[in-house]
Amino acid sequence: KAFIKAGCDGCHTQGTGTDGQLHDGGIVNDVDVKVAVMRGQPESVGLVFNTPSLRNVGISAPYFHDGRFATLEDALAATADQGKMGDTRGLSASERANLLAYLRSL
């Protein structure tokens, strides 16, 4: 239920899936710029990212497109701070724990 409440199912369809779409990441920082320049695509900074599958997400650290978060806990905290890539701000502590357990089970 926390997965749906946080809006994760909007892009990560059917739990472990992906909607196969590109989404505006809305996140531009030094790392994004460096990655885009290294790829020879400076014009793409902060524009779009493929929705990844969540299969094995519990064992695939680091997280986010640029690896800025070492743990799932950090990644979920970031969604609470920015309201992007799901929004965990409305989750209780037990809902957040259930979401982490669910993600680790995929």
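The values are calculated or read from the model by the stated rules, or taken from the named source; none is laboratory data. Worth saying up front: this structure is predicted, and the values here are computed from it rather than measured. Cβ sites come from the backbone with ideal geometry, for glycine too, and all protein chains shown count toward neighbours. Just the protein is used for accessible areas: all its heavy atoms, side chains included, with ligands, DNA and RNA removed. Shrake-Rupley method; radii C 1.70, N 1.55, O 1.52, S 1.80 Å.
General remarks:
- Here the range 48-106 exposes an accessible surface that is 54 percent carbon and sulfur, computed with a 1.4 Å probe and the other protein chains kept in place.
- Paramagnetic reach from Gln14 in the range 48-80 [backbone N under 16 Å; point 7 Å along Cα→Cβ]: 52-56
- Using 0.36 nm per residue and subtracting the Cα-Cα separation, the extra length available between Glu95 and Ile4 on full extension is 31.7 nm.
- Among the protein heavy atoms, those of Arg68 account for about 80 Å² of accessible surface (1.4 Å probe, every chain in place).
- Note on Lys34: accessible area is roughly 130 Å² with a 1.4 Å probe, heavy atoms of protein only.
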